[in-house]
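Just below is one structure, and these are the notes that go with it.
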Amino acid sequence: MMKRRLLELMFVLLVCSCSLAVAQSTPSDVVRKALSYDQLHDTVFNRENIDLRRKWMTHSLYRLFATELIREEREAKERPEDKPYFGDWAGFSAPSELCKVGEVIYPLRFSLSKTRFVGGLAYVRARFFYHFDCDHGQHRFYTFILRKVRSTWRIDNIDYGSNSTLRRVLRRKDS
């Protein structure tokens, strides 16, 4: 009887520690998962794709995406001949196309820098690049800004450089 209770207790502790480890993922884990998802899935700017990426973003960033989607739907009705502002991109990754050199096709790849923590925020720099034959060493850099929500890190903004961020883009004025 005592052995059985001890085994049950050990099992409960193991399950709790595993779920705690999952809940406390690092900022770079969150960015890596979001970018890896983008590489394998559709990035069309629509409700379904925004909802599928919701688990990686803060609630306030999600609300900005939802507001932008409503604005684009309204603009599409008012001016159906105009291309939507976000067009076919709703992901966290840099917009990309496949690069073909000869018979070889190269996808956009990424690497992440070490996380910096400042105050309650975490900063993860991502470098987006193709095979050298495609981009000749021209890389694109984004800095992901994450905020801890309860026990998990969530993407709260992306700094694109040149004084441009995801939040600024999503807060654009109606045209």
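The values are calculated or read from the model by the stated rules, or taken from the named source; none is laboratory data. Quick caveat, the model's predicted, so the values are computed rather than measured. No Cβ is skipped: glycine too gets one built from the backbone with ideal geometry, and neighbour counts run over all protein chains shown. Accessible surface is based on the protein model in full, side chains and every heavy atom, while ligands, DNA and RNA are left aside. Shrake-Rupley method; radii C 1.70, N 1.55, O 1.52, S 1.80 Å.
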**Complete:** In region 94-112, anything part of a loop (DSSP other than H, G, I, E, B), surrounded by 15 or more Cβ atoms within 10 Å (Cβ to Cβ) and in contact with a strand residue (DSSP E or B) (Cβ under 7 Å, 6 or more places away or on another chain) is listed as Ala94, Leu108
**Request:** Considering only region 144-175, state which residues are under 23 Å from Thr67 (Cβ atoms), open to solvent by less than 40 Å² (accessible area, probe 1.4 Å) and touching a strand residue (DSSP E or B) at 6+ places or on another chain (Cβ under 6 Å).
**Result:** Phe144, Ile145, Leu146, Ile155, Asp156, Asn157, Ile158, Thr165, Leu166, Arg167
**Item:** Test: residue in region 131-140 that is surrounded by 12 or more Cβ atoms within 10 Å (Cβ to Cβ) and either under 16 Å from Phe45 (Cα atoms) or among the β-branched types (Val, Ile, Thr) (or both)
**Value:** no
**Asked** at pLDDT 85 or above, among the aliphatic types (A, V, I, L, M) and within 30 Å of Ser25 (Cα to Cα) - does that describe any residue in region 70-91?
**Response** no
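Mind telling me which of the residues Tyr37, Tyr62 ends up being among the aromatic types (Phe, Trp, Tyr), at pLDDT 95 or above and assigned to a helix (DSSP H, G or I)?
The unique qualifying residue is Tyr62.
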**Prompt:** Just wondering, is there one or more residues in region 118-126 that are crowded, with 16+ Cβ neighbours inside 10 Å and part of a loop (DSSP other than H, G, I, E, B)?
**Reply:** no
**Asked** Can you name the residue in region 39-92 that is hydroxyl-bearing (Ser, Thr, Tyr) and either in contact with a strand residue (DSSP E or B) (Cβ under 6 Å, 6 or more places away or on another chain) or surrounded by fewer than 17 Cβ atoms within 10 Å (Cβ to Cβ) (or both) and, of all such residues, is nearest to Val169 (Cα to Cα)?
**Response** Tyr85
